[in-house]
C-alpha cells in the first residue's frame, strides 16, 4: 500500500508574529530586551527581521496558548504586538533582499505536537 503524506490545510496552520519596539537606553532596558528575545527563541520563534519574530502553529488553539505564554513575559516598557495569520496568507508574502527575491519560509515538515 503506498504511503500517503499528511498535508496540513493552509487555512488551519497559523503563523504567530511577535513585533516589538523595546527601549534599549539603559543597561536594565537592554537586559529586559534580551530576556524577552530569549523567551521568544525558547518558544520556537525565528527572527524574520530585527524585532519581528514568527512561529508556525498547527492551529488556532496552539497559537492561543503560545500567545498566553508570551503575554506573561512582555516587558513593562515598550510596545509588543502579537498577530496571527494563516499559513496560506503567510505563503503569499514576497521577500526581497535588495532587488533579489527570496523564497518564503516553509512550515515545519513534521507535525508539531504540544
Checklist line | Matching residues in segment 37-47 - criterion: being surrounded by 17 or more Cβ atoms within 10 Å (Cβ to Cβ) and either touching a strand residue (DSSP E or B) at 6+ places or on another chain (Cβ under 6 Å) or in contact (Cβ under 8 Å) with a residue 40 or more places away in the chain (or both) | finding: 40, 45
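Restricting to segment 102-113, what's the tally of residues that are free of Cβ contacts under 8 Å to residues at least 60 places away in the same chain and surrounded by 10 or more Cβ atoms within 10 Å (Cβ to Cβ)? Spell out the reasoning first.
Initially, segment 102-113 is screened for residues free of Cβ contacts under 8 Å to residues at least 60 places away in the same chain, giving 102-106, 108-110, 112-113.
Now narrow it down to the ones that are surrounded by 10 or more Cβ atoms within 10 Å (Cβ to Cβ): 104-106, 108, 112.
Total satisfying the criteria: 5.
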Next item on the list: Quickly run through segment 57-88 and pick out the residues that are touching a residue at least 60 places away in the same chain (Cβ under 8 Å) and either within 23 Å of residue 28 (Cβ to Cβ) or in contact with a strand residue (DSSP E or B) (Cβ under 9 Å, 6 or more places away or on another chain) (or both).
Entry: 80, 81, 82, 83, 84, 85, 86, 87
Next item on the list: Read through the list (1) touching a helix residue (DSSP H, G or I) at 6+ places or on another chain (Cβ under 9 Å); (2) buried (at least 18 other Cβ atoms within 10 Å of the Cβ); (3) at pLDDT 95 or above, then give the number of the only condition that residue 13 fails.
Entry: (3)
Next item on the list: Collect the residues in segment 48-93 that are exposed (fewer than 13 other Cβ atoms within 10 Å of the Cβ) and in a strand (DSSP E or B), keeping them in residue-number order.
Entry: 49, 79, 81, 83
Next item on the list: Can you tell me which residue within segment 94-112, out of those that are touching a strand residue (DSSP E or B) at 6+ places or on another chain (Cβ under 9 Å) and not in a loop (DSSP other than H, G, I, E, B), is modelled with the highest pLDDT?
Entry: 96
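The values are calculated or read from the model by the stated rules, or taken from the named source; none is laboratory data. Because the structure is predicted, anything quoted here is derived from the model rather than measured. Positions of Cβ are generated from backbone atoms using ideal geometry, with glycine treated the same way; all protein chains shown enter the neighbour counts.
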